[in-house]
Amino acid sequence: MNITNGKFRSDRAKQEIADFFGLPRDSILDVPKMVIVGNVELSVENHLGIIKYTANSVTIAIPQGKVTVRGKDLVISGITRTLMEIRGRIESLDLLPESD
Amino acid sequence: MTLRSLWSHFKGYVIIRITGKAVEDFINQAYASEIELWNLARIDGKSVLTCIYLQDLPRAGKILKTTNCKGRVERRVGLPFLIMKLAKRKGFIFGALLFSVGLYVLSSFVWFISISGCDKISCNDIAKFVEEQGIKVGTPRGRVDPASLGKGILAEFPSLAWVGVNIKGTTVSIEVSEKTLPETEPELTHLIASEDALVVNIIVFSGEPAVNEGDTVTRGQTLIEGSVCPPLGYEKDGEEKKEFISAKGVVMGRVWRTYRDSLNLIRRLETETGEIKRTVYFFLGPYEFRIGPKEPPFKTYVEKRSVYGIPSLEDNNVKSAVRLTVIEYKKTERSIEILDRKEILGDLRKKAYIYMKAKMPRGAKILDEREDLEYSAGGEWVYTLTIETIEDIAQEMREHRS
């Protein structure tokens with residue numbers, strides 16, 4: 001759930017490698033992959049858990065900080081170690097760094 | 001219903017209400033310890049509804065305690081709960097048990113006997129025989145021995161070629177296959193002459209002789225006749241009963257066979273010299289072009305004509321408008337070879353004897369052989385071979401009487 005300054009360097013190195021070999025970044029870098037289907041479904045791979053869950057917002061922990069999904073009637077339709085799926089009427093998606 | 005929901009119904013799951021201040025902590029710990037949660041829905045500020053598999057409930061209970069949350073089962077869904085519910089109804093269990101026992105008991109009896117493949121034999125006869133063997137509707141299946149039943153049927157009905165007995169479920173299926181016997185049609189046999197001959201000797205085993213010794217007969221003439229007459233002792237009963245008497249006997253006759261052929265002492269030969277000339281015609285609609293000689297350039301030649309054209313689509317007989325004709329003239333030389341008379345005669349004699357041997361029946365005895373070489377009026381040498389044999393000239397001829 002936290003990024004240290006020491007990790008920053010290795011992250012850049014990884015990014016360079018990913019760029020050089022043309023690899024998808026989510027497989028090398030420790031970043032979440034989010035797929036949003038219209039405004040009805042969001043799936044987050046590589047998440048770190050739920051920070052806060054209400055009917056109108058879900059805050060998800062990711063390695064770089066947190067993601068807040070806002071909307072109406074939000075339902076977590078599935079949650080496993082690797083994947084989280086949220087359904088409902090999604091209105092906004094905020095990516096917030098750790099410091100916020 | 002998706003596959004996933006079918007699976008979850010099979011495994012059984014519950015919908016629980018989780019109430020507490022740190023519901024999120026419960027969710028995080030649950031998925032971290034491999035408990036699958038789905039369809040989480042926030043109801044109010046304190047509680048969340050979630051689906052959870054029945055097998056995960058004990059572990060989820062522990063997590064509830066550590067996170068200070070309370071859980072309450074709202075609904076139970078799936079097969080395990082259905083079974084639990086049904087298990088409480090003793091009448092139902094008894095019925096299910098009775099059903100399976102009944103099914104098992106009833107399926108161990110023969111309920112159907114099917115017989116197929118009957119054509120001339122009536123299936124009912126076979127069915128009757130099978131029943132006599134103690135196999136009928138209601139017989140326990142174990143008492144039916146297909147092999148011995150098949151053998152029994154085969155022994156009882158001699159006109160059957162094959163019997164197959166199979167037990168499929170509660171059906172005993174008997175397949176039979178009948179022998180196909182040759183049709184016996186009343187027949188009358190006469191003996192006729194196989195060649196033009198002089199009858200030398202006639203021995204009649206049965207039938208009535210139509211010729212005498214010393215007669216000349218032509219090919220196809222009746223020698224011994226078969227007859228139809230009432231059997232012995234029934235002569236006065238009229239035509240009710242008939243007996244066919246086939247002609248049998250030996251008729252020895254003298255047969256003369258001749259082979260005649262002319263000697264061909266001159267052999268005409270035509271050989272190609274290897275000289276070839278070509279003429280090419282090219283037709284383009286009404287126009288015609290020619291390359292090469294117009295007339296054949298040799299006195300004696302072999303002509304080979306090849307036509308190349310665009311095939312006409314409408315009709316094959318119509319010549320195509322654009323075509324190429326190539327005529328090849330191959331020069332030949334004619335020559336005459338005079339052959340050795342002795343050699344030709346030897347060849348002809350061999351040929352004559354082979355021809356004769358093919359014509360003569362087995363057992364024919366050669367009485368006389370005569371060879372002649374004459375100079376005919378046509379200016380040719382003619383060779384004639386005559387062989388006289390004595391042989392059985394009787395040949396069977398069948399006549400159908402029905």
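The values are calculated or read from the model by the stated rules, or taken from the named source; none is laboratory data. These numbers were taken from a predicted model, which means no experiment stands behind them. Quick reminder, even Gly has a Cβ in these numbers, built from the backbone with ideal geometry, and neighbours come from all protein chains shown. Surface areas here come from the heavy atoms of the whole protein model, side chains and all, with no ligands, DNA or RNA. Shrake-Rupley method; radii C 1.70, N 1.55, O 1.52, S 1.80 Å.
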Legend entry - Filtered residue count, region B:280-302, keeping only those that are under 13 Å from B:T325 (Cα atoms) and part of a strand (DSSP E or B): 9
Legend entry - Filtered residues of region A:37-60 (kept if farther than 10 Å from A:M84 by Cα and among the charged types (D, E, K, R)): A:E41, A:K52
Inset, instruction - Give me a count of the residues in region B:370-394 that are open to solvent by 90 Å² or more (accessible area, probe 1.4 Å) and either under 18 Å from B:D196 (Cα atoms) or among the charged types (D, E, K, R) (or both). - result: 2
Inset, instruction - Would you please list the contacts, defined by Cβ atoms under 8 Å and residues six or more apart or on different chains, that run from a residue in region B:94-121 that is closer than 30 Å to B:E178 by Cβ to a residue that is part of a loop (DSSP other than H, G, I, E, B) and open to solvent by 100 Å² or more (accessible area, probe 1.4 Å)? - result: B:V110/B:K136; B:I113/B:K136
Legend entry - Single residue of region B:133-153 satisfying the filter (open to solvent by 30 Å² or more (accessible area, probe 1.4 Å) and in contact with a helix residue (DSSP H, G or I) (Cβ under 9 Å, 6 or more places away or on another chain)) that is nearest to B:K168 (Cα to Cα): B:K136
Inset, instruction - For residues that are in a strand (DSSP E or B) and under 20 Å from B:F129 (Cβ atoms), scanning just region B:100-118, find the one that is most open to solvent (accessible area, probe 1.4 Å). - result: B:F112
Inset, instruction - Note down all Cβ pairs under 8 Å where the first residue falls in region B:44-73 and is of a type in the set (K, R), the second is surrounded by fewer than 19 Cβ atoms within 10 Å (Cβ to Cβ), and they're at least six residues apart or on different chains. - result: B:K46/B:T19; B:K46/B:G20; B:K46/B:K21; B:R59/B:S33; B:K70/B:T19; B:K70/B:G20; B:R72/B:R17; B:R72/B:T19
Legend entry - Tally, over region A:44-68, of residues that are open to solvent by less than 70 Å² (accessible area, probe 1.4 Å), within 13 Å of chain B (Cβ to nearest Cβ) and part of a strand (DSSP E or B): 9
Legend entry - Complete set of residues in region B:112-139 that are among the hydroxyl-bearing types (S, T, Y) and over 37 Å from the mean Cα position of the chain (by Cα): B:T139
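Kindly indicate whether any position in region B:242-251 is out of contact with any Phe, Trp or Tyr (no Cβ under 6 Å at 6 or more places or on another chain) and loosely packed, with under 12 Cβ neighbours inside 10 Å.
Among the residues of region B:242-251, not one is out of contact with any Phe, Trp or Tyr (no Cβ under 6 Å at 6 or more places or on another chain) and loosely packed, with under 12 Cβ neighbours inside 10 Å, which makes the answer no.
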Inset, instruction - Could you run through region A:69-91 and say how many residues are assigned to a strand (DSSP E or B) and either facing chain B (nearest Cβ under 8 Å) or open to solvent by 40 Å² or more (accessible area, probe 1.4 Å) (or both)? - result: 14
Legend entry - Residue among B:E295, B:E328, B:E288 that alone is surrounded by 13 or more Cβ atoms within 10 Å (Cβ to Cβ), more than 23 Å from B:E380 (Cα to Cα) and without any contact (Cβ under 8 Å) to a residue 60 or more places away in the chain: B:E328
